[in-house]
Amino acid sequence: MPSARVVPLALAGLALLVGAPAASARRTMTLKFPRFTVPPHSDREVCTFLRLPRRSAFKSGGFEIVNVGVKPDFVSHHFLMYTYTGKDMAAFPPKGTIVDSKACLDFGPADRNARTLIGGSQSPRSVQTLPRGLAQEISPPASGEPIGIILNSHWINSGDQTRTAAVKIKIFPAKRGVKRLMKPIFDVVANAFIDVAPKSKSTVGAGWRVGGQDFGAAFGGAAIPSQPVCVASLTSHMHKRGELFAVELVQNHQKSPLFSSTDYADPPLNVYDGKHGRRPPIYLQKGDGFDYSCTHANDVDGKPVKLGCQETDAEVPGKPVFPYGFHAAKQCTQLGDDPGECPPTDPDYPGRTFTGKCVKANVVFGFTSDDEMCILPGSYYDANPSAPAGHECDLAMMPVLK
């Protein structure tokens, strides 16, 4: 049951530190997440917290990440990694603790806006490097404590046996002469409006703007830039009921198609670097950005029907995030009475009760691979708006960072 890769051009790591020397900012960091198991026919999403033995920023130029344990029926749905920039590091669990959690939203302290997304991956093995002049910074919190990293991994086991997963990561130092820091685009706002009834399809969307409102940071999204930027890459993220992901470029209040994808499992990574015939970095000023949309289908156009445990007689389960909060239907697999799959209560669904019936459900945003998502991932770096027109993203005209 494959799913789309999540974050391009970013660091990825799931881990307990194995050997990252604190003394040198020029040495490769080697990380490893300890093995954990995933029961058959289930998803498991886990989080842990890593305290790096260094109090200075690390500028990375790329990574190698290996998801260990991948099989035809066992895949990584996603990995995400955040640096913690808040003041309550003590609220995280001790080193080595693995906690089951949905997107780490209930993991650690409540200051979710004090998290900066720095990467993600789901491929069995991926190696990515940044061009000379660009780096990604892993920074310590303003409190002066060691670097803290929140690690989030989600695996899908569609087989009949319990599977074991692990991840190995190497984070490489950037080449000398860094001029700009790469930062993530990860817009999740459209997720809140996904609502597809059985035997139908619908389209939802949202806009990402330089200087725009930062609605999604508290729900796992990346912060919105306030000053002009150069967009270096974009891709898409949907699940198996996603039919079309479309993006429009918005510049000077004018819209134009940028790219679209119908492949939820392996969407294209659109790189903007001006090389090999590709488009150069996209210069965006305040008010510029992207409109993106997702079309999802529920039991039409060959897409599977969503099944869920009924909560109220004659009411279709599954409600959109806006205005109901996280209320995706509890998954079941066969229509009809089934108290085994749909018991009266479930600790994973606190405050909700079930009738014992498995029925056709609404497709809404949720944290399992059987629910849906509509996310715009990508990367950018700060522009040089004082440069001559047309050269705002030209790294050759930018000074080396101190």
Please report, ordered by residue number, the strands (runs of 3 or more DSSP E) entirely within the range 54-146 with at least 2 residues that are aromatic (Phe, Trp, Tyr) and modelled with pLDDT of 85 or more. 74-84
Output for the range 141-170, where each listed residue is of a type outside the set (A, V, I, L, M, F, W, C) and under 19 Å from GLY61 (Cβ atoms): LYS168, LYS170
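Would you mind finding the one in PRO94, PRO146, PRO173, PRO140 that is free of Cβ contacts under 8 Å to residues at least 60 places away in the same chain and either farther than 30 Å from GLY69 by Cα or not β-branched (Val, Ile, Thr) (or both)?
PRO94
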Based on what the data block shows, is GLY242 within 20 Å of the chain's Cα centre (by Cα), at positive phi and in the same structural domain as TYR380 (by TED's automatic domain parsing)? no
Tell me, yes or no, whether the range 201-222 has at least one residue that is under 20 Å from the mean Cα position of the chain (by Cα), under 18 Å from GLN136 (Cα atoms) and among the small types (Gly, Ala, Ser). yes
When the range 158-189 is checked residue by residue, the ones that are part of a strand (DSSP E or B) and more than 23 Å from GLY96 (Cβ to Cβ) are PHE172, PRO173, ARG180, LEU181, LYS183, PRO184, ILE185, PHE186, ASP187
Residues located in the range 71-98, provided they are farther than 11 Å from PRO109 by Cα and buried (at least 16 other Cβ atoms within 10 Å of the Cβ): PHE74, VAL75, SER76, HIS77, HIS78, PHE79, LEU80, MET81, TYR82, THR83, THR85, ILE98
Any residue in the range 361-382 that is part of a loop (DSSP other than H, G, I, E, B), at pLDDT 95 or above and more than 22 Å from HIS77 (Cβ to Cβ)? no
Residues (exposed (fewer than 13 other Cβ atoms within 10 Å of the Cβ), touching a Leu at 6+ places or on another chain (Cβ under 7 Å) and modelled with pLDDT of 95 or more) located in the range 317-360: LEU335
Tell me which of these ASP266 doesn't satisfy, since it passes every other one: (1) out of contact with any Asp or Glu (no Cβ under 8 Å at 6 or more places or on another chain); (2) of a type outside the set (A, V, I, L, M, F, W, C); (3) farther than 19 Å from VAL363 by Cα; (4) surrounded by 15 or more Cβ atoms within 10 Å (Cβ to Cβ). (4)
Which residues, counting only those in the range 35-53, are under 11 Å from GLY148 (Cβ atoms) and not in a loop (DSSP other than H, G, I, E, B)? PHE49, LEU50, ARG51
Does any residue in the range 48-72 that is touching a residue at least 40 places away in the same chain (Cβ under 8 Å) come within less than 7 Å, Cβ to Cβ, of a residue that is surrounded by fewer than 19 Cβ atoms within 10 Å (Cβ to Cβ) and among the acidic types (Asp, Glu) six or more places away or on a different chain, and which pairs are these? ALA57/GLU137; LYS59/GLU137
Please find, among ALA165, ALA222, the residue that is buried (at least 16 other Cβ atoms within 10 Å of the Cβ) and assigned by TED's automatic domain parsing to the domain that holds PRO385. ALA222
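The values are calculated or read from the model by the stated rules, or taken from the named source; none is laboratory data. Just so we're clear, the structure is a prediction, and the values are computed from it rather than from any experiment. Counting neighbours? That spans all protein chains shown, and the Cβs are built from the backbone with ideal geometry, glycine included.
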